[in-house]
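Chemist: The structure that follows is given in the form of structure tokens.
Coordinate-derived values only; no laboratory data. In this text the structure is predicted, and so the values were computed from the model without any measurement. Heads up, the Cβs are rebuilt from the backbone with ideal geometry, glycines too, and the neighbour counts pull from every protein chain shown.
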Amino acid sequence: MENRAKLNSWLLLLGALLVAVAALFAFGWLSEEMLEGDTQKFDMFVRDSVHQHSTPGLTRLMQGFSFLGSVGTVTTLCLVILAVLLYFRRKRMAALLGITMIGMAALDEALKLAFHRPRPVAFFGPTPSSYSFPSGHAFGALCFYGALAAILAPRVRGRIAKWAIWSAAIFLIAMIGFSRIYLGVHYPSDVIAGYAAGAVWVTAIGFLDRFLGDRRRQAALAR
């Protein structure tokens, strides 16, 4: 039973590594295509296709999803969760979540400045003044709501509950990214790049946590 658990753990790590490598290559390829202007046809086609189906009700719904991925909302929720984790003395989890989100914010800003892609003209409301590539909403949503699901899912009983938590997180992440395309404040390639960057960063944090955990266990056994 113990050997099987170890095998499953290693298979999970291998799968995460493959996802991270694929996401890294996707981000690199997409950024190169964007800089060369080769994503323009795709971006405009998707933007126009989505905008053709806009309605007042759908616009309000998309604004709500976008709000859930905003810096203010994610920061507030993150601080609340950090406080709860610290209250229950889950210092390691709190540290990982804090590192994940602080690193995400720094990486997002660095990548935007590195690629300095101008924003498209927004369909609804003012156009944000920051650069467009990658989407900070997509990047932040994957990091925060993905981390939240990773914290909650192992602590509930039953496969249905775990499945529900991960499904809700994936749905929310997807809708936040789509809302940015619908509202016209990002190109589709920005959103895809944000997801790719988020997948790489979250996997890196996961491997760091695993490495530090193994080191801690080895040190405890050596005593």
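Chemist: Which one, Q52, Q63, Q40, has the greatest fluctuation when you compute a Gaussian network model over the chain with C-alpha springs under 10 angstrom?
Modeler: Judging by the Gaussian network model, the answer is Q52.
Chemist: When the chain is fully extended, how far beyond the present Cα-Cα distance does A22 get from L35, taking 0.36 nm per residue of separation? List each step's numbers first, then the result.
Modeler: Details: separation 13, 0.36 × 13 = 4.68 nm, distance 2.00 nm.
Once the chain is fully extended between A22 and L35, it gains 2.7 nm.
Chemist: Can you pull the one-decimal nm distance between simple spin-label points at R210 and H51, each 7 Å off the Cα toward Cβ?
Modeler: Simple spin-label model gives 4.4 nm for this pair.
Chemist: Another one. Positive end of the charge dipole of the chain (Lys, Arg +1 and Asp, Glu -1 on Cβ, about the Cα centre): tell me which of G184, T76, L152 has its Cα farthest that way.
Modeler: Towards the positive end, the residue furthest out is L152.
Chemist: In addition: Order the peptides 172-178, 53-59, 72-78 from the highest to the lowest mean number of other Cβ atoms within 10 Å of their residues. Present the calculation step by step, with values, prior to reporting the outcome.
Modeler: Values: 172-178: 21.3, 53-59: 10.7, 72-78: 14.7.
Ranked by mean Cβ neighbours within 10 Å, highest first: 172-178, 72-78, 53-59.
Chemist: Same structure, new question: With charges only on Cβ, +1 for K and R and -1 for D and E, what is the dipole size of the chain about its Cα centre, in debye, rounded to 20?
Modeler: About 1420 debye.
Chemist: Would you calculate, for the chain, the mean residue ellipticity at 222 nm contributed by helices, counting each DSSP H stretch of 4 or more residues as -39,500 (n - 2.57) and dividing by all residues, to the nearest 500? Mind dumping the intermediate values first?
Modeler: Details: 8 runs with 177 residues, N = 223.
About -27500 deg cm²/dmol.
Chemist: Something else: For the peptides 189-200, 154-165, what is the packing order when you average, over each peptide's residues, the other Cβ atoms within 10 Å and list the highest mean first? Can you show the working numbers first?
Modeler: Numbers: 189-200: 25.2, 154-165: 11.2.
Output ranking for 189-200, 154-165: 189-200, 154-165.
Chemist: Same structure, new question: Scanning the chain for helices, which whole DSSP H stretches are 18 Å or more long along the axis (Cα) and average 0.0 or more by Kyte-Doolittle?
Modeler: Working: long enough: 2-35 (49 Å, 1.02); 56-68 (19 Å, 0.54); 71-87 (24 Å, 2.40); 91-115 (35 Å, 1.06); 136-152 (23 Å, 1.61); 159-182 (33 Å, 1.22); 188-222 (51 Å, 0.40).
What comes out of the filter, once short or polar helices are dropped, is 2-35, 56-68, 71-87, 91-115, 136-152, 159-182, 188-222.
Chemist: Within 13 Å, Cβ to Cβ, of L152, how many net charges do the neighbouring residues add up to if Lys/Arg are +1 and Asp/Glu are -1?
Modeler: So the environment of L152 carries a net charge of +4.
Chemist: Okay, moving on. Using only the Cα atoms of the range 43-133, each taken as one equal point scatterer with no solvent, compute I(q) by the Debye sum, divide by I(0), and report log10 of the ratio at q = 0.11, 0.18, 0.20, 0.24 Å⁻¹.
Modeler: -0.49, -0.98, -1.07, -1.23
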